[in-house]
Amino acid sequence: SLKTHKIISMGGAYSNHLHALAYTGQMLGIKTQGLIRGEQPEVVNPTLSDLFSWGMEGSFVSRSEYRQLRTYKAYDSLPDIQSGEYWLPEGGAMDLALQGVAELVDELDLDYDVLCVPCGTATTLAGIISAVSEETQVLGFSALKGAGFLSAEVSQ
């Protein structure tokens, strides 16, 4: 088991992933750090306000730095990561996240034909698709512009 005292991840200024991570970190008493794409805005939006109020350490990174961060996929692959720190790729895109989402679907005590999911990286969408019956239709609605990449992400 991992003895984690800090989780580091990445996302945009409106990231649902970072939002959920910051809240979870606060609830579980685990430090969180968000590497946030782009310049620090003059006015903090509600998402960023929540991140910071829940104790997330935020660092704004350039778009080129952000692209580089996308290449680190394993929990310990981030350069300079310290013992007890855990790297969580953008959107939580890793096998453990897919398993976790699939387990959440099992907990739904509902009779449904269609599930609709907002998505950024499509990790949640892929986890849901892996867990539902073939008869269930799963629709992903991108939070991003130009989201043609989502089909390929789900297939992976």
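Here are the numbers for this structure:
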| quantity | calculated |
| --- | --- |
| Residues being in a helix (DSSP H, G or I) and of a type in the set (S, T, N, Q) - total across the range 58-73 | 2 |
| Enumeration of residues in the range 1-31 that are in a strand (DSSP E or B) and touching a helix residue (DSSP H, G or I) at 6+ places or on another chain (Cβ under 8 Å) | I7, S9, M10, G11, K31 |
| One residue from G34, G25, G12, G100 being under 16 Å from the mean Cα position of the chain (by Cα) and in the same structural domain as I129 (by TED's automatic domain parsing) | G100 |
| Within the range 74-104, considering residues that are out of contact with any Phe, Trp or Tyr (no Cβ under 9 Å at 6 or more places or on another chain), in a helix (DSSP H, G or I) and aliphatic (A, V, I, L, M), the one nearest to V132 (Cα to Cα) | A102 |
| From G55, G34, residue being at pLDDT 95 or above, part of a loop (DSSP other than H, G, I, E, B) and in contact with a helix residue (DSSP H, G or I) (Cβ under 6 Å, 6 or more places away or on another chain) | G55 |
| Which listed residue is surrounded by 10 or more Cβ atoms within 10 Å (Cβ to Cβ) and at pLDDT below 80, from A102, A131, A147 | A147 |
| Looking only at the range 37-52, and only at residues there that are out of contact with any strand residue (DSSP E or B) (no Cβ under 8 Å at 6 or more places or on another chain) and assigned to a helix (DSSP H, G or I), the one that is nearest to G12 (Cα to Cα) | T47 |
| Verdict on Q68 being surrounded by fewer than 16 Cβ atoms within 10 Å (Cβ to Cβ) and touching a residue at least 24 places away in the same chain (Cβ under 8 Å) | no |
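The values are calculated or read from the model by the stated rules, or taken from the named source; none is laboratory data. Computed from a predicted structure; not experimentally measured. Heads up, the Cβs are rebuilt from the backbone with ideal geometry, glycines too, and the neighbour counts pull from every protein chain shown.
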